[in-house]
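Everything on this sheet refers to the single structure shown next.
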Amino acid sequence: MERKGKKEEKRRKDEDLFKVVDSTLDTRTYYLLYQLSRKLNLKNIYGAISSGKEAKVYPAITENGKWYALKIYYVSTAASKRALEKYTFGDPRFEGIKVSNTRQLISVWARKEFKNLSRLFRNDVRVPEPIYVLENILVMQFIGEDGIRAPLLKELPDDEINEELYKDIIDQLDKMVNKAELVHGDLSEYNIMVKDGKNYIIDVSQAVDIDHPNALELLKRDIENLNTFFESKGIEIIETEEILRRFKIYENEDQN
Ligand SMILES: Nc1ncnc2c1ncn2[C@@H]1O[C@H](COP(=O)(O)OP(=O)(O)OP(=O)(O)O)[C@@H](O)[C@H]1O
Ligand SMILES: [Mg+2]
């Protein structure tokens with residue numbers, strides 16, 4: 001009797017898990033979500049906050065009322081494959097990894113984002129805390145409140161965009177490159193979230209080691225993106241060259 005009761009309870013919980021989650025996920029991803037919900041004690045997963053080029057992000061709440069963000073990578077997009085090949089090429093951490101199918105490829109991609117997040121988090125760069133990664137699903141700290149995500153820098157009202165925010169983002173960039181030794185590679189007003197005046201760098205799957213052959217070029221573009229945005233908001237910016245001089249990868253390049 002008791003066993004039957006438990007089974008029944010489990011079935012009911014599984015049905016409850018996805019309140020508004022969409023039907024575009026493949027069977028294996030569903031299976032993984034159930035596994036994950038056991039492991040992390042998830043009570044509910046809600047509808048996607050966003051669907052980007054490579055992934056969808058879903059808010060989830062635990063039995064204890066803690067919120068997480070689940071980033072679920074699409075299992076079969078040509079875009080992911082292209083991006084992965086582009087950015088892992090020349091990165092010593094991913095040398096020797098053979099990927100024979102898309103699911104495996106995407107898992108490497110998710111794991112890469114998890115590793116990058118961990119490295120940044122460890123080095124005090126303000127990023128969502130990485131929690132767990134399982135194949136194509138990355139779990140991280142939810143940036144927002146009560147399941148409502150914080151705005152992107154792009155969405156922030158003009159009166160909240162000031163020099164202090166700009167300087168703080170540049171400080172994060174400084175730590176990212178000089179301490180964590182990573183270059184974001186896709187930094188812009190679309191990949192920074194702002195909560196209570198604090199900025200969080202997100203979307204770090206494509207970040208590369210400072211030893212990567214394209215690191216300097218990517219870093220320069222990241223800085224230019226930020227400067228273009230803040231300049232358009234009337235903030236007094238620091239010239240790209242001047243910011244670049246703070247980084248050892250730039251100095252090394254300079255001497256050549
Ligand atoms: N930790 C988080 N907490 C809350 N919301 C998040 C979190 N991470 C991402 N988001 C939301 O999900 C969106 C997509 O996340 P992200 O940029 O990492 O994925 P993406 O697939 O690369 O998207 P895109 O192609 O649009 O850049 C973000 O713009 C943000 O609105
Ligand atoms: Mg993004």
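The values are calculated or read from the model by the stated rules, or taken from the named source; none is laboratory data. Given the structure is predicted, the values throughout are model-derived calculations rather than measurements. Every residue, glycine among them, receives a Cβ derived from its backbone with ideal geometry; neighbour counts consider all protein chains shown. Just so you know, the surface numbers come from the protein's heavy atoms only, side chains and all, with ligands and any DNA or RNA stripped out. Shrake-Rupley method; radii C 1.70, N 1.55, O 1.52, S 1.80 Å.
Laid out as a table, the results:
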{"item": "Qualifying residue in segment 185-201 (condition: free of Cβ contacts under 8 Å to residues at least 60 places away in the same chain, more than 16 Å from ligand 1 (Cβ to nearest atom), surrounded by fewer than 16 Cβ atoms within 10 Å (Cβ to Cβ) and not assigned by TED's automatic domain parsing to the domain that holds LEU117)", "result": "yes"}
{"item": "Some residue of segment 52-60 being within 16 Å of ligand 1 (Cβ to nearest atom), open to solvent by 80 Å² or more (accessible area, probe 1.4 Å), part of a loop (DSSP other than H, G, I, E, B) and modelled with pLDDT of 75 or more", "result": "yes"}
{"item": "Members of segment 148-164 found to be surrounded by 17 or more Cβ atoms within 10 Å (Cβ to Cβ), touching a residue at least 60 places away in the same chain (Cβ under 8 Å) and not charged (D, E, K, R), listed by number", "result": "LEU153, ILE161"}
{"item": "Residue in segment 121-135 that is modelled with pLDDT under 95, hydroxyl-bearing (Ser, Thr, Tyr) and more than 24 Å from GLY197 (Cα to Cα) present", "result": "no"}
{"item": "Residue that is within 16 Å of ligand 2 (Cβ to nearest atom) and open to solvent by 20 Å² or more (accessible area, probe 1.4 Å), where the choices are ARG245, ARG221", "result": "ARG221"}
{"item": "Single residue of LEU226, LEU216 found to be at pLDDT 95 or above, assigned to a helix (DSSP H, G or I), open to solvent by 10 Å² or more (accessible area, probe 1.4 Å) and not aromatic (Phe, Trp, Tyr)", "result": "LEU216"}
{"item": "The lone exception for GLU145 - which of (1) more than 14 Å from the chain's Cα centre (by Cα); (2) within 16 Å of ligand 2 (Cβ to nearest atom) it fails", "result": "(2)"}
